[in-house]
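Read-outs throughout are calculated quantities, based only on the coordinates presented, and are distinct from any laboratory measurement. This is a predicted model, so every value here is computed, not measured. Positions of Cβ are backbone-derived with ideal geometry, glycine not excepted, and every protein chain shown enters the neighbour counts.
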Amino acid sequence: MRRTFAALVVLAAIAFTVPAAASTPESELFAKINQERQSAGIASLAQNSTDLLEVARRHSARMAKQNRLHHNDNLPGEVSGWRALGENVGTGPDTASIHQAFMDSPSHRAQILDGTYTEAAVGVVVVDGTLWVTEILALRDASNAAFEARSMQTSRVLASEEAVSIPLAMALPLLPTPAAPNYLAAVAALLLLVLVATSNAIVWVRR
């Protein structure tokens with residue numbers, strides 16, 4: 001009985017000391033997307049850890065290597081079986097600032113809160129402390145009612161397959177002049193605008 005009891009105690013101790021899986025920039029950004037959707041009463045996205053993730057990571061690595069923020073023009077050809085595709089790209093010092101930049105942009109926010117999409121992946125590459133982010137959102141079920149509604153809305157302006165780039169409207173804060181007492185705050189605000197950048201949101205719809 002004593003040996004059995006000792007063994008059970010050891011097993012219990014091992015079970016309670018197993019560390020939880022550490023969060024990553026990718027998991028943090030994906031969680032933030034679903035938190036925004038849940039707050040808006042929109043269904044959460046399934047996390048794609050296969051092809052979408054591979055494509056997202058590859059494009060983030062490409063942007064980091066080129067040190068240039070841009071969309072993946074080949075995305076429609078790299079994802080199979082899609083009915084609607086969306087992509088957000090951004091770069092900055094951390095996940096919180098990048099996600100906030102997305103949510104402050106009407107086009108990126110609309111993308112994140114679009115009920116059409118059912119799955120997504122976030123690919124992140126970190127170089128010298130800077131995050132390069134690609135978010136891919138997709139719908140692959142042609143019978144999805146949300147897609148049918150969206151297809152009807154867009155059929156008048158889209159060809160069978162056409163990329164639509166939505167201009168990014170960024171509201172810049174009013175900054176004080178150098179003579180104003182808040183000059184340092186103005187410089188900090190400008191630096192933040194430089195450090196956190198997002199490109200135009202882009203959407204593909206296939207009829």
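Under 11 Å from the Cβ of A40, count the other residues' Cβ atoms, weight Lys and Arg +1, Asp and Glu -1, and hand me the total.
Working: positive: R37, R109; negative: E36, D114.
Value of the local net charge: 0.
How big is the Cα convex hull of the range 49-125 in projection, averaged over all directions, in nm²?
In nm², the orientation-averaged hull projection of the range 49-125 is 5.3.
How do the peptides 96-105, 129-138, 70-79 rank, highest first, by the average count of neighbouring beta carbon atoms within 10 Å per residue?
Listed from highest to lowest mean packing, they are 129-138, 96-105, 70-79.
Cβ under 10 Å from L137's Cβ, L137 left aside: what net charge do those residues give with Lys, Arg +1 and Asp, Glu -1?
-4
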